[in-house]
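Right, I'll just put the structure down here and ask away after.
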Amino acid sequence: MPIINKDLDPAFQTAGANPGLEVWCIENQELVLMSESDHRKFYTGSAYIVLNAVFPKNGPPHYDIHYWLGNDTKKVDSSLASDKALELDAALGSCSVQYREIQGQESQKFLSYFKPCLIPIEGVFTSKQGNLNGEYQVSLYSCKGDYVVHVREVPFQRSSLNHEDVFILDTALKIYLFSGCNSTIQERAKGLEVVQYITENKHGGKCEVATIEDGKFVGDSDVGEFWSLFGGYAPIPREPPASQESVAPSAKPFWINLQGKFCPIGSSAFNKEMLESDKCYMLDCDNEIFVWMGRQTLLTERRTSIKAAEDFVRNEGRSSKAHLTFLSEGLESTIFRSHFTNWPKTVEPRLYEEGREKVAAIFKHQGYDVKELPDEKDDEPSIDYGGTIKVWRVDGDELSLLPVTEHTRLYSGDCYIVQYTFPGNGRDETLFYAWLGCRCVTEDKTAAISHINTMVDSSRTNPVMAQIHEGKEPSQFFSILKRLIVFKGGNSSGYKKFIEEKGIVDETPNENLVALFRVQGTSSDNMQAIQVDQVSSSLNSSYCYILRSEAAMYTWIGSLSSARDHNLLDRMVELFNPTQLPVSVREGNEPDIFWDVLGGKAEYPREKEIQGFIDDPHLFALKITRGKTCLIDGSVSHANLLEFQLRRLQDEREALNLGLKFLEMDVLVEGLSLEVPIYVVMEGYEPLFFTRFFSWDHSKANILGNSFERKLAILKGNSRDSTPNGHKSSSNIPSGRRRSSSPLPRSSSPLPRSAGSDYRQSGNRLFSSPTPVAKNLFEGSPANNRAEQTTTLLADSPSTELSSSNETSNITEKDKNIDRDSLSIHPYERLRVVSPNPVTGIDLTKRERWIHYFLGYQTSHKNEILAHSLYGASEERVDVMARGRHRGWGTN
């Protein structure tokens, strides 16, 4: 909360009192609070201060202060903005992070406040703005970025265009979006967001929009209009490719003395101990410069350090490139911490329900009559736990479907596949888990990942896939299984072979073996019994235990356990053996025979290990460029889910590997375990436990196509049920539910070849792709001719019929008897982009523009496929289909 004092600028008196964004502009050396409607109006000749306040559920508020300097800002205004930002930080208790923002070089965090874009206005802000009427100024903007967009006005001339970026030409009657041939789908989609913003804010929401593709000259009147505005067409020169080799910048630390002088610190290894709380430091990382200010430094010392850093980047000629970030001790960012070795973790422990109950149990133990605290209501969205479950045990290449009675009994030496199908948002959704026991062999672990990939690939529902390790399971997994017992040992042949070769005793339980189980959970529908070493040191005063021996069954009740723990213990005993009466033992009153079964009494812990938690989730965008992987950090509270056309990311296994690589990199410097759950979520099938981190609009998922096509359809006012090129979605395939990595239709249940007879289904299921109904997005669209060609091609096929209504027909039993010879069949080699003898009449150049469905029939020639519509099919997509024929996948 803000600290009120008489020396504080009156404009800051209520700053930070509420969550959200506040913006001030400097006018005549004074701060002017901007109305919310003017938050996006940044003038190039003015300086601004922006405060973003976030109030999390737990902990103190988070404040970020940015001072923005336009290219034409006066030096006196720039200095005042810097001083006022520091004054605002002091008013907030010196608990904010400050950023210096330069026009055209703004940070992603800053631009994320003003989505979809921030377009600076020429001139200087004045609170007495008049109405400016006159001739509409034609403007040309370049758009860079696929997470947040840097929009910059460039000279209105042909030489401003290039093949790498997206450009917007704004005229009085029409807005043109020019997409460079090397721009990505996401960049084009972001460009459309900027077009929509310009349409609504400069044209009153009424303006015609045209999309221009780099390299296209024929068949579109908009292309001619666009180039005529530049005086006619002329080739855009190709710039030489930029070098992909990048050298990691070396970080150079300096101590800033009271006179603002920089004193180098002669140390090659950085650690937190080198930063003293009564001093200020600068860490120079080339394009990123940090100023660290100790909590014991004075306001004058901080002001001196900030001025020194600003002068440093100005004198070094890096004022327009380097980002300046000012950090107070205790508020260090992830990037800053990553430059230091062994930075101490500052994750605060979470007040778990067990902790609250433990407090009540302690008072009870001391003789006080204390009622247990009521359970906190969990308001986080979750999935429906009333679905159906299938569980398979992995044994190398084989899968064994377990009977329902064995679903709740897993072994540490085995791996399992769990399929959970549950009611979702208007459809059934599927979640696959690969559960890896802590003692499983590498062969089974590898096989489990392979099996789950095959099962996911075989599913029509684009399920969520997760890899989880024993001991690191998410609570959601336990809630799905409801009751679970995890035994030591294993049943797979790989595990048996391993312990035999190593001479390890088989711990798989039997009636003659002593076994100790720790009971845990949150309710009768979420409880587990985990087998631990049968020794006294495995006990813990905060838990209840079940001890089985050949002669009897004991229940041990810890002195700090709660009434809920006791209830779970009773229910778990019934699950073990409902007919056997256990011997109840309370901590401190154990008989000698109890300790004898455990091999003697020993010391054991009394308190639960309270795990830390992260209340600051991050979204990292993954880019693969010429074989190199890059991660871009973005605050998830402002993040937009990115779409990537990753040619190298062919299956979910690669996604799991990338998740593991991310954990190994430990970019957040949090020491995360390599065994934390990794989920793979497909676009269009995002579950609630994923979307809860975002401001998610589920209605946008009802439009087919990639992000560019969907946004273009929305901009054109198209029906939500139509694809961007006017195609209606099939009634048997949910809208927006097509996996980008594989265009093949899928069955509703997984069919891995190694699953066994109880896992397969008999007969061949045949799925039909929907018949595209040609509609015009807008007159003169290049989609018109293409749609007509597609319609003509499909009209010749007996497997589909064109529908004049808004419905499409499905394949029926009679379609299984289709005469293959009457259909258009081409060898795979002729369908390749680089084929020496390519098939004519099939356009392979528009790879990302159209939605296409394939209907594949297994033929007598393994290298032949049926092409219903190959418009836009990339070489990779054709290759996936051909490989499917080779593997004998049939119509699935």
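The values are calculated or read from the model by the stated rules, or taken from the named source; none is laboratory data. Quick caveat: nothing in here was measured; it's all calculated off a predicted structure. Neighbour counts are summed over all protein chains in view; Cβ atoms, including those assigned to glycine, are modelled from backbone coordinates with ideal geometry. Note: accessible area is taken over every heavy atom of the protein model, side chains too, but ligands, DNA and RNA are not part of it. Shrake-Rupley method; radii C 1.70, N 1.55, O 1.52, S 1.80 Å.
If the only charges are +1 at each Lys and Arg Cβ and -1 at each Asp and Glu Cβ, what is the size of the charge dipole of the range 514-598 around the Cα centre, to the nearest 20 debye? List each step's numbers first, then the result.
Details: 5 positive and 10 negative charges, 42 e Å.
For the range 514-598, the charge dipole is close to 200 debye.
When all protein chains stay in place, what accessible area (Å², nearest 10, 1.4 Å probe) is found for R427?
40
Say the cut-off is 26 Å between C-alpha atoms; which of K41/K252; K128/K202; K57/K307 go over it? Don't jump to the answer; show the numbers that get you there.
On the way: K41/K252 37 Å; K128/K202 20 Å; K57/K307 36 Å.
Listed pairs above 26 Å: K41/K252; K57/K307.
Give me the dipole magnitude in Debye, nearest 20, for the range 305-344 about the Cα centre, with unit charges on the beta carbon: positive for Lys and Arg, negative for Asp and Glu. Let's see the in-between values first.
Details: 5 positive and 5 negative charges, 31 e Å.
Computed charge dipole of the range 305-344: roughly 140 debye.
Treating the range 456-569 as a set of equal point scatterers at the Cα positions, no solvent, please give the Debye-formula log₁₀ I(q)/I(0) at q = 0.13, 0.18 Å⁻¹.
-0.65, -1.04
Please work out whether the range 100-227 counts as rounded, prolate or oblate from its C-alpha gyration tensor, where a ≥ b ≥ c are the square roots of the eigenvalues and a/c under 1.5 means rounded, while otherwise a/b larger than b/c means prolate and anything else oblate? Let's see the in-between values first.
Details: a/c = 1.89, a/b = 1.24, b/c = 1.53.
Verdict is oblate for the range 100-227.
Here's something else I'd like to know. How much solvent-accessible surface does W255 expose, in Å² to the nearest 10, with a 1.4 Å probe and all protein chains in place?
80
How big is the accessible area of L229 in square angstrom, nearest 10, if you roll a 1.4 angstrom probe over the protein chains?
Rounded to the nearest 10, the figure is 80 Å².
Moving to a separate point now. For the ranges 396-405, 186-195, what's the packing order if you count other beta-carbon atoms within 10 Å of each residue, average per peptide, and put the highest first?
Descending packing order for the listed peptides: 186-195, 396-405.
I would also like to ask the following. When Lys and Arg each count +1 and Asp and Glu each count -1, what net charge do the other residues less than 13 Å away from A15, Cβ to Cβ, add up to? Walk me through the intermediate numbers first.
Working: positive: K84; negative: D9, E22, D64, E87, D89.
Here the count lands on -4.
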